[in-house]
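The values are calculated or read from the model by the stated rules, or taken from the named source; none is laboratory data. Everything numeric here is computed off the predicted structure, so don't read it as measured data. Glycine also receives a Cβ, built like all others from the backbone with ideal geometry; neighbour counts cover every protein chain displayed.
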Amino acid sequence: MDTIKLVQLEAKDWSKRYALQDFEMNHAKQVKAYHQSFPQYTETPLVEMTRTANHLGIANLYVKDESYRFGLNAFKVLGGSYAIGQYIAKKLGKSIAELTFGEITSPETKKLLGDLTFVTATDGNHGRGVAWTANQLGQKSVVYMPKGSAIERLENIQKEGAEAYITELNYDDAVRLANEKAESEGWIMVQDTAWDGYEEIPIWIMQGYATMALEAVEQITSKGLQPPTHVFLQAGVGSMASGVTALLAQYYKESMPVITIVEPNEAACLYETAKADDGDIHVVTGDMNTIMAGLACGEPCTIGMPILRDYATNYISCPDTIAADGMRVLASPTKGDMPVVSGESGAVTTGIVAQIMKNSELLDMKEKLGLTEKSVVLVFSTEGDTDQKNYEDVVWFGKYGK
C-alpha cells in the first residue's frame with residue numbers, strides 16, 4: 001500500500017507544557033456564547049458509531065459532524081466569524097463579551113464602523129466562512145484561492161457576496177497575495193495561519209475553532225459517554241488542530257486523551273516539523289497535489305506549533321487513499337450506525353483509524369498509538385461534501401480505491 005508514516009514525540013511533563021492562557025475554559029465559553037448569538041447557530045451532532053467501532057476493534061468512535069455548521073457545510077466559519085467579531089469589538093473599544101450579532105448589525109454600530117473589507121486566502125471553507133460573516137454583518141470581503149480549487153467552492157463563496165478568484169498560485173503564495181492586498185488597499189486580513197507580526201487575528205481564529213471542541217466534550221459529558229482515550233486531528237497549517245488540542249487540554253487536564261495529528265503526504269509540514277524536532281518550523285513547497293484541499297498547506301502556523309509540540313505526541317503523514325477510505329466508511333458505516341457525509345479533509349482521520357485497526361501491516365503502528373479494544377476515539381468531520389462531484393467520484397464510483 002502507499003506509505004503511511006508516523007513520528008512520535010515524547011510526552012512532556014505536565015508542569016513543563018505550553019501555557020494555555022488564551023484557551024482557558026471561561027474564555028472558551030465566552031467564545032461559544034458569541035457564536036450562539038447568531039440566529040443560525042445550532043449545536044452540530046456528535047454521532048456515536050459504536051457498531052462501526054466494534055467492527056474496527058475499538059470500544060467506541062465519536063464523530064463530530066460539522067457539515068451542519070451554520071448551513072455552510074464546514075466548521076471554518078467558527079474561526080472567521082469570531083475573529084471578525086473580535087476585530088470589530090477592538091475597533092469600537094469594547095469587549096467581545098459586550099457584543100452580540102444583533103448589536104454588531106445594528107444601524108448605530110454600522111454607522112460607527114463604516115465600510116470594512118475583509119480579505120483572505122482559502123481552498124474554500126475558510127473563505128466561505130469569512131465571506132458569509134462579512135455578508136451577515138453588512139460588510140465586504142475579497143477571497144483568493146489557490147490553483148486547482150474546485151469551481152463549486154468558488155461559486156459558493158461568490159454566492160455570499162464576496163469578490164473571489166482562483167489564482168495560479170499554491171496556497172501559501174495565495175496567502176502572501178492576500179496580505180499584500182490588505183496592506184496596499186487598507187483591507188483587514190483574516191487568515192487562519194500566523195507569522196511574525198501577524199498573530200492577533202490567528203489567535204482569535206484558533207479560539208473560534210475551540211467552540212467545536214467545547215461542544216463535543218460537553219455532549220460527551222451530558223450523554224454520560226466514556227471520555228475519549230484518543231483524538232485524531234487533521235491538519236493543514238495546524239490552527240484547528242492546535243485550537244482543539246488546547247481546549248481538550250484545559251477540559252481534561254492530566255487525563256487528556258492521546259492526540260494524533262494527520263496530514264496528507266504531499267503537504268505534511270507538521271509531520272516534518274515534528275520529525276526534525278529541533279524547535280524550528282519546517283515547510284513543504286511545491287504544488288502539494290492532494291484531494292485533501294483543506295489540508296494542502298506547506299507552512300505551519302507559528303503560534304500553533306508550540307501547543308502541538310507539548311500536547312500532541314503522534315504525527316502521521318498518509319496518502320489520499322486514506323481520506324477516500326474515511327469518506328466511504330462514514331458514508332456506509334456498520335449497520336445500525338448513522339451515516340455521515342464527510343469530504344476529503346473531514347474524513348481522513350476516520351480513514352487512518354480504520355486502516356490502522358484493520359490492516360495487519362500496521363500492527364506496529366497500532367501498538368505504538370496504544371489502540372486496543374478498550375480505546376474510545378474522537379474525530380472531527382470538519383466538512384461535508386463541499387466538492388460534491390469529487391465526493392460522488394470517491395464514494396459512489398470508487399475513485400482512489402485500492
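Give the residues of the range 252-270 that are touching a helix residue (DSSP H, G or I) at 6+ places or on another chain (Cβ under 9 Å) and under 27 Å from Pro227 (Cα atoms), sorted by residue number.
Answer for the range 252-270, where residues must be touching a helix residue (DSSP H, G or I) at 6+ places or on another chain (Cβ under 9 Å) and under 27 Å from Pro227 (Cα atoms): Tyr252, Lys253, Glu254, Met256, Pro257, Val258, Ile259, Thr260, Ile261, Val262, Glu263, Leu270.
Do you know which residues across the range 245-289 are among the charged types (D, E, K, R) and surrounded by fewer than 22 Cβ atoms within 10 Å (Cβ to Cβ)?
Correct list: Lys253, Glu254, Glu266, Glu272, Lys275, Asp277, Asp278, Asp280, Asp287.
Exactly one condition in (1) in contact (Cβ under 8 Å) with a residue 40 or more places away in the chain; (2) in a loop (DSSP other than H, G, I, E, B) is not met by Val244; state its number.
(2)
For Thr260, indicate whether it is closer than 18 Å to Lys374 by Cβ and among the β-branched types (Val, Ile, Thr).
Against the criterion (closer than 18 Å to Lys374 by Cβ and among the β-branched types (Val, Ile, Thr)), Thr260 qualifies.
For the range 14-42, give me each residue that is surrounded by 13 or more Cβ atoms within 10 Å (Cβ to Cβ) and outside any helix (DSSP H, G or I).
Arg17, Tyr18, Leu20, Glu24, Ser37, Phe38, Gln40, Tyr41
Determine the pairs where a residue that is among the β-branched types (Val, Ile, Thr) and surrounded by 24 or more Cβ atoms within 10 Å (Cβ to Cβ), located within the range 337-350, has a partner that is modelled with pLDDT of 95 or more and part of a loop (DSSP other than H, G, I, E, B) with Cβ atoms under 8 Å apart, the partner being 6 or more residues away or on another chain.
Sorted first by the residue in the range 337-350, then by its partner, the pairs are Val340/Pro333; Val348/Met292; Thr350/Ser342.
Has the range 185-204 got any residue that is over 30 Å from Glu48 (Cβ atoms), assigned to a helix (DSSP H, G or I), in contact with a helix residue (DSSP H, G or I) (Cβ under 7 Å, 6 or more places away or on another chain) and aliphatic (A, V, I, L, M)?
Within the range 185-204, one or more residues are over 30 Å from Glu48 (Cβ atoms), assigned to a helix (DSSP H, G or I), in contact with a helix residue (DSSP H, G or I) (Cβ under 7 Å, 6 or more places away or on another chain) and aliphatic (A, V, I, L, M).
When the residues of the range 104-143 are narrowed to those that are under 16 Å from Val190 (Cα atoms) and basic (Lys, Arg), which ends up surrounded by the fewest Cβ atoms within 10 Å (Cβ to Cβ)?
Within the range 104-143, the match that is surrounded by the fewest Cβ atoms within 10 Å (Cβ to Cβ) is Lys140.
Within the range 271-292, which residues are in contact with a helix residue (DSSP H, G or I) (Cβ under 9 Å, 6 or more places away or on another chain), over 30 Å from Met25 (Cβ atoms), hydrophobic (A, V, I, L, M, F, W, C) and at pLDDT 95 or above?
Matches in the range 271-292: Val283, Val284, Ile291, Met292.
Is there a residue being assigned to a loop (DSSP other than H, G, I, E, B), at pLDDT 95 or above and touching a Cys at 6+ places or on another chain (Cβ under 7 Å) anywhere in the range 371-389?
no
Would you tally the residues in the range 76-103 being within 20 Å of Trp187 (Cβ to Cβ) and in a loop (DSSP other than H, G, I, E, B)?
1
Considering every residue within the range 1-18, establish whether at least one is over 19 Å from Val262 (Cβ atoms), under 20 Å from the mean Cα position of the chain (by Cα), of a type outside the set (A, V, I, L, M, F, W, C) and in the same structural domain as Gly208 (by TED's automatic domain parsing).
So far as the range 1-18 goes, no, none of its residues is over 19 Å from Val262 (Cβ atoms), under 20 Å from the mean Cα position of the chain (by Cα), of a type outside the set (A, V, I, L, M, F, W, C) and in the same structural domain as Gly208 (by TED's automatic domain parsing).
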